[in-house]
Amino acid sequence: LQGYDYSQAGVYFVTICTQGRACLFGSIENGEMALNEYGCVVRDEWLKAAEVRAEIQTGEFVVMPNHFHGIVIIAEPIVGAIHESPLPSRQQRRQMALSKIVGRFKMLSAKRINEIRQLTGTPVWQRNYYEHVIRNEADYGQIAEYVADNPRRWEEDTLHPNRRGD
């Protein structure tokens, strides 16, 4: 949302796609996601996000073959940069909190995956991500159900490799 302060307490749904929508993280088997080593890295880094920042909680999430869906809960306003790069003003830091959370997650998971596959500097994730502000319990419930059902609906998913060009 233009002008929205993504550092304020709230609940956010994010979707992040792999570079070129390559299926890097495993496969769907009988309607369930079977994570490979890279998929386990993504899962573990997402769970760590809540461990390193007390004001962040992770909600429902799913690692898919070529993308990731997750709910992040900012329990209190964040007043500081998430990682190394300090920003010129407090207002800019506040407005960028969600992007810093996602950026840190993408950076750390890509670094670990590239160490495993010995391809330093190779993009794992697409440059941007999709976000949605979850505004109420009904919205949360619909999104949580969508996340949980995503593996079962893989064949119809717009991010499925066979659906490109639909």
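Evaluated on the range 106-166, the Kirkwood hydrodynamic radius is 14.6 Å, with distances taken between all distinct Cα atoms. For CYS40, the accessible area of its heavy atoms, probed at 1.4 Å with every protein chain present, is near 40 square angstrom. Suppose R0 equals 30 Å; then what is the FRET efficiency for ASP5 and THR158 from their Cβ-Cβ distance, rounded to the nearest 0.05? With a Förster radius of 30 Å, E is 0.50.
The values are calculated or read from the model by the stated rules, or taken from the named source; none is laboratory data. Since the model is a prediction, treat every value here as computed from it, not as a measurement. Every residue, glycine among them, receives a Cβ derived from its backbone with ideal geometry; neighbour counts consider all protein chains shown. Keep in mind that these areas ignore ligands, DNA and RNA; they rest on the heavy atoms of the full protein, side chains included. Shrake-Rupley method; radii C 1.70, N 1.55, O 1.52, S 1.80 Å.
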